[in-house]
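Structure first, commentary second.
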Amino acid sequence: MSLDEKSVAAVASRFGNVPKDAPGAEFDERAVRRMQRGVKVRTWLPYYLMLAPGVLYFLVFHYYPIYLAKLAFEDFRIFGDNLWVGLKHFGVLFGSPVFYQVLANTLIISGMKILFVFPVPIVVALFINEVRNSNLRRFIQSAIYLPHFLSWVVIAGIFIAALSPSSGVVNEITGWFGLAPKGFMTDSGSIRWVVVFSEMWRSAGWDSLLYFAAIMAIDPQLYDAAEMDGANRWHKIWHVTLPGIAPTIATLFILNVGLFMNAGFDQIINLSNDAIRDQIDIIDTYVYRIGLQSGQFSLATAAGLFKGVIGMALIVAAHTISKRLTGKGVW
Amino acid sequence: MLAKTLMASVAVLALGAGTALAQPVTIRVVSKDLVTTNPDDIAHIERIEEAMAAQGTEIDIEIVDLPSAGYQDKLALMLLSGDIPDLIYFQGGDEQFANQGLFEDWRPWIEDTEYLKDALWPHNGDRLDNYPYLLYVFPARTKSPVMREDWLAQTGLERPQTLEEWTEMMRVLAASDYDGNGEEDTYGIIAPDNTAELDAVFNQAFGVATTWMQNADGEWIHSRVSDAERDKLAYYQMLFAEGLLDPEFITSNWEVKEDKFYTGKVGIVMGTAGTVVDIYRTKMQQVNDGAELVLLDPPAGVGQGLEAVDVSKESRGFALSALSENKEEVVALMDFLASPEGQMFERMGFEGEHYTDNGGTYEITEAMGTWYPRFMIAQPGAWQPPVDLLSPVAQASLEQGAHYFTPDNAFVWPAEYAADVDAAENYYRTSVYRFVSGEWSMDQWDQYVQGWYDAGGQRLTEHARTVLP
């Protein structure tokens with residue numbers, strides 16, 4: 001009996017239309033699997049093809065760079081092979097007079113963003129959900145999504161103008177209450193709050209989309225049941241809506257923690273100035289200056305790798321804690 | 001006879017075929033603001049190729065397109081990927097490549113040129129001696145202070161010469177209403193982003209003569225921790241406190257600076273000598289019909305002059321790739337551009353569009369405002385345009401830069417000092433604002449000096465003492 005005949009017989013025996021004791025019907029698990037795989041691939045081929053560009057993108061731009069991160073342990077050479085130097089660049093990095101200040105700034109700004117910016121889209125989504133007039137709701141949604149489409153260059157210009165001590169609208173308003181004009185953009189005590197507020201202003205509306213979509217997916221019968229039990233609006237938010245979007249909140253929180261070390265390069269570089277650079281200089285801006293502008297590519301890679309390892313540790317920790325507390329995680 | 005004729009014909013045909021088959025050498029050039037989407041760039045390159053071909057050098061110049069925005073970063077990535085053109089324009093970030101031997105030393109090549117060696121400016125020679133990999137044949141980028149001529153007349157003061165006269169001038173400007181808003185709130189002076197443009201004019205007046213100075217014990221110290229620097233910052237602090245210096249200078253970029261100048265919110269600005277001063281004048285006249293600018297002299301104090309010119313290396317310029325297989329042709333291109341014909345192309349633009357020639361009488365057109373030299377401006381002793389290309393005030397600013405030219409003693413830092421240079425620079429810039437704005441009192445000077453040494457300044461000073469004589 002040829003291999004094909006054997007396989008067919010095996011399949012037939014597996015699916016039960018051939019007596020098990022028929023000649024050649026001995027069970028061949030591997031052949032069955034092979035055929036099933038072939039059928040599956042043929043069935044799903046168009047989808048695999050559609051998936052291919054995405055997979056390729058991740059391989060080229062996300063996985064290949066992980067391999068290239070070995071540059072952190074090498075001296076970059078244009079001609080010939082790079083020279084292996086071990087931890088030399090990490091030594092330079094950690095020995096830099098400003099590295100710990102830059103690291104502290106990154107942690108503080110990221111912490112402030114998690115603490116003050118992360119909850120805002122949830123609140124916004126809850127509020128939008130409570131607006132009963134659909135026209136008003138659409139208008140509010142459009143208005144708060146808009147800042148997301150502005151670049152940080154434009155936003156920085158808006159904030160510098162609005163916060164100007166001589167002609168800014170904010171100081172004009174505070175002036176009505178007898179307060180002296182303040183240079184928020186040059187004040188070391190204010191600038192981190194400017195960073196947090198500008199991030200909130202830009203992203204709160206757009207980020208609320210995911211939560212709003214999660215709210216829409218909650219079974220309306222739950223609200224009906226709650227109403228029958230005498231729940232008011234607040235009760236329904238607290239006992240139905242929030243638990244309904246808890247998995248989304250948990251997932252996004254873990255993902256945000258994973259991006260903890262990305263304190264916002266575009267934002268910082270545009271809002272920064274010499275007066276307050278020591279307050280908001282983050283790892284990304286430092287890497288840009290030292291690495292790209294000064295051509296210290298290995299040093300920049302070492303800083304990037306350090307940031308990546310911390311980010312990885314944070315995401316694993318957040319996932320583990322979330323799993324234990326809520327049973328939800330990202331994998 | 002027939003045989004001879006046949007042989008001659010074959011020889012002629014062979015020669016013709018040989019000529020027809022000869023391919024011009026391709027030179028790849030990457031430069032900021034030199035792109036294939038600009039018709040002027042294409043036409044300029046084509047006429048250079050034609051003119052050089054007529055002189056017997058057949059080259060095909062291939063422009064490598066790179067966007068102007070983020071040029072430095074994109075260029076570095078392109079070179080790292082192994083795409084290395086023959087002629088490369090840098091605007092920083094070149095040292096890492098030079099350290100790995102990617103560039104030719106320009107000096108032996110320049111020595112053999114006919115025109116290029118004479119086209120160099122004095123600072124070019126100094127910089128090439130210190131760092132022979134970048135060539136930027138343009139006037140030194142000194143900064144000159146300018147103000148509106150009619151505003152100067154309205155102050156009733158002469159052009160200020162001393163530090164006291166400068167202060168008085170700024171006080172009068174600050175008590176004026178040149179923006180016409182009904183309030184006397186014009187600022188005397190502005191410097192965008194930081195105090196660098198103020199330093200360009202005031203450094204010498206306070207004795208900040210060079211980057212490295214010798215203290216009373218004869219030891220080299222950085223000027224940023226010198227007594228002269230302290231006196232200068234105390235002066236800036238006074239300007240800020242009295243409202244003579246725009247208090248929002250730190251958040252004002254160059255566009256805001258220009259806007260405040262043209263709209264009368266600020267009286268005095270500094271512009272790069274030559275073309276940039278000319279642009280300020282043109283824009284001022286567009287906004288205020290007939291307004292003319294006047295050049296101011298730097299104030300006399302401990303010394304008088306413009307900030308010392310860094311000759312440690314060109315901060316920007318063209319590098320010749322050591323990997324190029326056509327180095328001779330690249331140098332021939334640069335030599336042609338330095339020749340009278342090349343300078344005519346570079347400086348004057350296109351006849352009929354940027355200038356007219358009526359039997360040897362040249363006149364520039366309005367379109368000249370959009371033309372700029374792509375590769376070089378030869379020093380005046382080598383070539384002079386047949387008609388004045390710059391306004392009198394812009395020309396005077398160039399002469400001012402040449403008059404006050406003082407070479408600085410700054411030097412190129414080895415790569416391992418990059419983190420210290422960055423840390424010390426940022427500490428200085430932040431501290432300067434805190435002093436100027438009054439957040440820090442001048443009594444905290446010693447504290448600042450210690451902070452600067454802690455922020456990498458100590459290592460830098462120790463290295464400088466091994467480099468400087």
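The values are calculated or read from the model by the stated rules, or taken from the named source; none is laboratory data. Keep in mind the model is a prediction, meaning the values are calculated, not measured. Note that each Cβ is placed from the backbone with ideal geometry, even for glycine, and that neighbours are counted across all protein chains shown.
Being over 21 Å from A:I108 (Cβ atoms) and within 12 Å of another protein chain (Cβ to nearest Cβ) is the filter; apply it to segment A:163-181 and report the residue that is surrounded by the fewest Cβ atoms within 10 Å (Cβ to Cβ).
Taking segment A:163-181 first, the residues over 21 Å from A:I108 (Cβ atoms) are A:164-181.
Remaining after also requiring within 12 Å of another protein chain (Cβ to nearest Cβ): A:164-168, A:171, A:181.
Numbers: A:S164: 21, A:P165: 18, A:S166: 14, A:S167: 11, A:G168: 21, A:N171: 19, A:P181: 17.
Checked segment A:163-181; the qualifying residue surrounded by the fewest Cβ atoms within 10 Å (Cβ to Cβ) is A:S167.
Just one of the numbered conditions (1) assigned by TED's automatic domain parsing to the domain that holds B:T113; (2) in a loop (DSSP other than H, G, I, E, B) is not true of B:M368; which one?
The single condition B:M368 does not satisfy is (2).
For segment B:34-84, give me each residue that is of a type outside the set (D, E, K, R), closer than 22 Å to B:V331 by Cα and within 14 Å of chain A (Cβ to nearest Cβ).
Across segment B:34-84, the qualifying residues are B:L75, B:L79, B:I84.
Here's the yes/no breakdown for (1) within 27 Å of B:A191 (Cα to Cα); (2) more than 13 Å from chain B (Cβ to nearest Cβ):
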{"position": "A:A263", "(1), (2)": "no, yes"}
{"position": "A:A275", "(1), (2)": "yes, no"}
{"position": "A:D281", "(1), (2)": "yes, no"}
{"position": "A:G295", "(1), (2)": "no, no"}
{"position": "A:L305", "(1), (2)": "no, yes"}
{"position": "A:G308", "(1), (2)": "no, yes"}
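Working carefully through the options A:A263, A:A317, A:A313, A:A303, find the one that is small (G, A, S), crowded, with 21+ Cβ neighbours inside 10 Å and at pLDDT 85 or above. Let's see the steps before the verdict.
Working: A:A263 fails: at pLDDT 85 or above; A:A317 fails: crowded, with 21+ Cβ neighbours inside 10 Å; A:A313 fails: crowded, with 21+ Cβ neighbours inside 10 Å.
Of the residues listed, the single one that is small (G, A, S), crowded, with 21+ Cβ neighbours inside 10 Å and at pLDDT 85 or above is A:A303.
Do we have any residue at all in segment B:207-219 that's of a type in the set (G, A, S), away from chain A (no Cβ under 14 Å) and part of a helix (DSSP H, G or I)?
no
Quick one: which of A:G157, A:G95 is farther than 30 Å from B:G457 by Cβ and within 14 Å of chain B (Cβ to nearest Cβ)?
Exactly one of A:G157, A:G95 is farther than 30 Å from B:G457 by Cβ and within 14 Å of chain B (Cβ to nearest Cβ), namely A:G157.
What helices (runs of 4 or more DSSP H), lying completely within segment B:395-469, carry at least 2 residues that are touching a helix residue (DSSP H, G or I) at 6+ places or on another chain (Cβ under 7 Å) and away from chain A (no Cβ under 14 Å)?
B:445-452
Just wondering, is there one or more residues in segment A:105-115 that are within 14 Å of another protein chain (Cβ to nearest Cβ) and either out of contact with any Phe, Trp or Tyr (no Cβ under 7 Å at 6 or more places or on another chain) or under 29 Å from A:Q279 (Cα atoms) (or both)? If you could, list the steps in order and put the result at the bottom.
Quick first cut of segment A:105-115, residues within 14 Å of another protein chain (Cβ to nearest Cβ) only: A:105.
Going one step further and asking which of them are either out of contact with any Phe, Trp or Tyr (no Cβ under 7 Å at 6 or more places or on another chain) or under 29 Å from A:Q279 (Cα atoms) (or both), we end up with A:105.
So far as segment A:105-115 goes, yes, one or more of its residues are within 14 Å of another protein chain (Cβ to nearest Cβ) and either out of contact with any Phe, Trp or Tyr (no Cβ under 7 Å at 6 or more places or on another chain) or under 29 Å from A:Q279 (Cα atoms) (or both).
Is there a residue being within 14 Å of chain B (Cβ to nearest Cβ) and either of a type in the set (S, T, N, Q) or touching a residue at least 24 places away in the same chain (Cβ under 8 Å) (or both) anywhere in segment A:317-325?
Checked against the condition, which is being within 14 Å of chain B (Cβ to nearest Cβ) and either of a type in the set (S, T, N, Q) or touching a residue at least 24 places away in the same chain (Cβ under 8 Å) (or both), segment A:317-325 yields no hits at all.
With more than 14 Å from every other protein chain (Cβ to nearest Cβ) and under 24 Å from the mean Cα position of the chain (by Cα) as the only criterion, which of A:H148, A:H235 stands out? Can you show your working first?
Numbers: A:H235 fails: under 24 Å from the mean Cα position of the chain (by Cα).
Exactly one residue qualifies, and that residue is A:H148.
What are the residues in segment B:213-246 that are crowded, with 16+ Cβ neighbours inside 10 Å and more than 18 Å from B:W452 (Cβ to Cβ), if any?
Listed by number, the residues that qualify are B:Y235, B:L239, B:F240, B:G243, B:L244, B:L245, B:D246.
Give the residue, chosen from B:T251, B:T211, B:T275, that is out of contact with any strand residue (DSSP E or B) (no Cβ under 9 Å at 6 or more places or on another chain) and touching a residue at least 60 places away in the same chain (Cβ under 8 Å).
Of B:T251, B:T211, B:T275, the one residue that is out of contact with any strand residue (DSSP E or B) (no Cβ under 9 Å at 6 or more places or on another chain) and touching a residue at least 60 places away in the same chain (Cβ under 8 Å) is B:T275.
Between B:R171, B:R159, B:R141, which is more than 17 Å from the chain's Cα centre (by Cα), of a type in the set (K, R) and assigned to a loop (DSSP other than H, G, I, E, B)?
B:R159
State whether one or more residues within segment B:303-310 are within 21 Å of the chain's Cα centre (by Cα), closer than 25 Å to B:S437 by Cβ and not aromatic (F, W, Y).
yes
State all residues of segment A:183-204 that are away from chain B (no Cβ under 12 Å) and either in contact with a helix residue (DSSP H, G or I) (Cβ under 7 Å, 6 or more places away or on another chain) or in a helix (DSSP H, G or I) (or both); if no residue qualifies, say none.
A:R192, A:W193, A:V195, A:V196, A:F197, A:S198, A:E199, A:M200, A:W201, A:R202, A:S203, A:A204
So B:N181 fits all but one of (1) surrounded by 13 or more Cβ atoms within 10 Å (Cβ to Cβ); (2) modelled with pLDDT under 95; what number is the exception?
Result: B:N181 passes all but (1).
Please enumerate the residues belonging to segment B:99-124 that are within 14 Å of chain A (Cβ to nearest Cβ), under 16 Å from B:S324 (Cβ atoms) and surrounded by fewer than 21 Cβ atoms within 10 Å (Cβ to Cβ).
Initial filter on segment B:99-124 (within 14 Å of chain A (Cβ to nearest Cβ)): B:99-103.
Imposing the further condition that a residue be under 16 Å from B:S324 (Cβ atoms) reduces the set to B:100-103.
Matches in segment B:99-124: B:Q100, B:G101, B:L102.
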